[in-house]
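Heads up: the structure comes next, in structure tokens.
The values are calculated or read from the model by the stated rules, or taken from the named source; none is laboratory data. As the structure is a computational prediction, the values presented were derived from the model and not from experiment. Note that we place each Cβ from the backbone using ideal geometry, even for glycine, and neighbour counts take in every protein chain shown.
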Ligand SMILES: Nc1nc2c(ncn2[C@@H]2O[C@H](COP(=O)(O)OP(=O)(O)OP(=O)(O)O)[C@@H](O)[C@H]2O)c(=O)[nH]1
Ligand SMILES: [Mg+2]
């Protein structure tokens, strides 16, 4: 038997928390590369994705999840359910909250979910760049007192503070196991899903009110021309009404153009190729409230 192989460590780690606390930012920071979309608006992440960290003698598969919150809408219900299921599928749980909102009303529900799993878990207090140590200490104390967490770790995912501490703590709880994913694999997302997410991120960044929440993106075609270093993408943005379609296109097409341009720039970085992006807007009436439409759009 090969003793080196026996010592390899691996594990699945879920990153859960209320919406907008920085779960996806943390995942990208842990991996040192962007696999998850991020925006200042809550409920950006809609589906679980894996990001795979390859360490020296160990591997961690991080699962980014949608924010857990009380909701009644069909789309958000499916998002929250997928986050809650994640707790049961992993070896270790990272619960993350943000320093500016230590008493977020969604926290008790997440704590309750976590308690039921009885798995090694860490509490991360994110966004410590937004406040002082004096404000931080009582938050650390109150969560430590719950006796639920192996450690409480303050970080700033945005500034990259405390990330090594997170990896160190996780490493200490990994168990011997195989490398589940090949060394060059960063994420379990298909290229076309990744592309649709990056477009969705730009919709979240450029549009307001209900528009980000009423938009879904599908990719119809991706054609790679390596000899020209060109990737041609044909994608569709689905909105719920004609008026939303008008807003998304914008005056003289300005909005859709801005979304397309920033999506193209992002994709050029990711694929290290020139991107031709053909983006159109379609009305799929009330898709976020229709089970079959949700399925069709991948939710
Ligand atoms: N100041 C500060 N902002 C942060 C930090 N980490 C994340 N953010 C910001 O918080 C916002 C939300 O970040 P996301 O990573 O999208 O949060 P999330 O928890 O994945 O959000 P959902 O997917 O919507 O649940 C973005 O504007 C981030 O730039 C941090 O450490 N400090
Ligand atoms: Mg997210």
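Screening the candidates 88, 54 for the property of being out of contact with any helix residue (DSSP H, G or I) (no Cβ under 7 Å at 6 or more places or on another chain), surrounded by fewer than 19 Cβ atoms within 10 Å (Cβ to Cβ), under 30 Å from residue 184 (Cα atoms) and not assigned by TED's automatic domain parsing to the domain that holds residue 289 yields one hit, 54. Report yes if some residue within segment 20-28 is more than 10 Å from ligand 1 (Cβ to nearest atom) and either modelled with pLDDT of 95 or more or farther than 25 Å from residue 173 by Cα (or both); otherwise report no. Scanning segment 20-28 turns up no residue that is more than 10 Å from ligand 1 (Cβ to nearest atom) and either modelled with pLDDT of 95 or more or farther than 25 Å from residue 173 by Cα (or both).
Within segment 80-90, does at least one residue satisfy the condition of being more than 22 Å from residue 119 (Cβ to Cβ) and either modelled with pLDDT under 95 or out of contact with any strand residue (DSSP E or B) (no Cβ under 6 Å at 6 or more places or on another chain) (or both)?
Checked segment 80-90: no residue is more than 22 Å from residue 119 (Cβ to Cβ) and either modelled with pLDDT under 95 or out of contact with any strand residue (DSSP E or B) (no Cβ under 6 Å at 6 or more places or on another chain) (or both).
At least 1 residues being within 21 Å of the chain's Cα centre (by Cα) is the threshold, and among the helices (runs of 4 or more DSSP H) wholly inside segment 241-299 those reaching it are 254-271, 291-296.
Against the definition (within 16 Å of ligand 2 (Cβ to nearest atom), more than 16 Å from residue 158 (Cβ to Cβ), at pLDDT below 95 and in the same structural domain as residue 167 (by TED's automatic domain parsing)), how does residue 45 come out, yes or no? It is false that residue 45 is within 16 Å of ligand 2 (Cβ to nearest atom), more than 16 Å from residue 158 (Cβ to Cβ), at pLDDT below 95 and in the same structural domain as residue 167 (by TED's automatic domain parsing).
Within the bounds of segment 123-145, is there any residue that is at pLDDT below 95 and more than 10 Å from ligand 1 (Cβ to nearest atom)? There is no residue in segment 123-145 that is at pLDDT below 95 and more than 10 Å from ligand 1 (Cβ to nearest atom). Among the residues of segment 57-79, those identified as without any contact (Cβ under 8 Å) to a residue 40 or more places away in the chain and either surrounded by fewer than 18 Cβ atoms within 10 Å (Cβ to Cβ) or in contact with a strand residue (DSSP E or B) (Cβ under 9 Å, 6 or more places away or on another chain) (or both) are 70, 71, 72, 77.
All of 63, 79 fail the test of being within 12 Å of ligand 2 (Cβ to nearest atom), in a helix (DSSP H, G or I) and more than 19 Å from residue 162 (Cβ to Cβ), apart from 79. So residue 151 passes all but one of these: (1) buried (at least 17 other Cβ atoms within 10 Å of the Cβ); (2) within 16 Å of ligand 1 (Cβ to nearest atom); (3) free of Cβ contacts under 8 Å to residues at least 40 places away in the same chain. Which condition number does it fail? Failing condition for residue 151: (2). Taken as a whole, the structure leaves residue 110 outside the set of residues that are surrounded by 21 or more Cβ atoms within 10 Å (Cβ to Cβ) and either in a strand (DSSP E or B) or not assigned by TED's automatic domain parsing to the domain that holds residue 20 (or both).
Taking residues in segment 171-184 that are under 14 Å from residue 94 (Cβ atoms), and partners anywhere that are in a loop (DSSP other than H, G, I, E, B) and at pLDDT 95 or above, the pairs with Cβ atoms closer than 9 Å and at least 6 places apart or on different chains are 172/150; 173/91; 173/120; 173/150; 174/91. Among residues of segment 206-231 being in contact (Cβ under 8 Å) with a residue 12 or more places away in the chain and assigned to a loop (DSSP other than H, G, I, E, B), the one that is farthest from residue 264 (Cα to Cα) is 210. Filtering segment 23-38 to residues that are within 8 Å of ligand 2 (Cβ to nearest atom) and part of a loop (DSSP other than H, G, I, E, B) leaves 36, 37, 38. Exactly one of (1) under 22 Å from residue 38 (Cα atoms); (2) in contact (Cβ under 8 Å) with a residue 24 or more places away in the chain is unmet by residue 283. Its number? Going through the list (1) under 22 Å from residue 38 (Cα atoms); (2) in contact (Cβ under 8 Å) with a residue 24 or more places away in the chain, residue 283 breaks only (1). Just one residue in the set 161, 168 is under 30 Å from residue 184 (Cα atoms) and within 10 Å of ligand 1 (Cβ to nearest atom); that residue is 161.
Return yes when residue 93 is more than 15 Å from ligand 2 (Cβ to nearest atom), in a strand (DSSP E or B), buried (at least 18 other Cβ atoms within 10 Å of the Cβ) and in contact (Cβ under 8 Å) with a residue 60 or more places away in the chain and no when it is not.
yes
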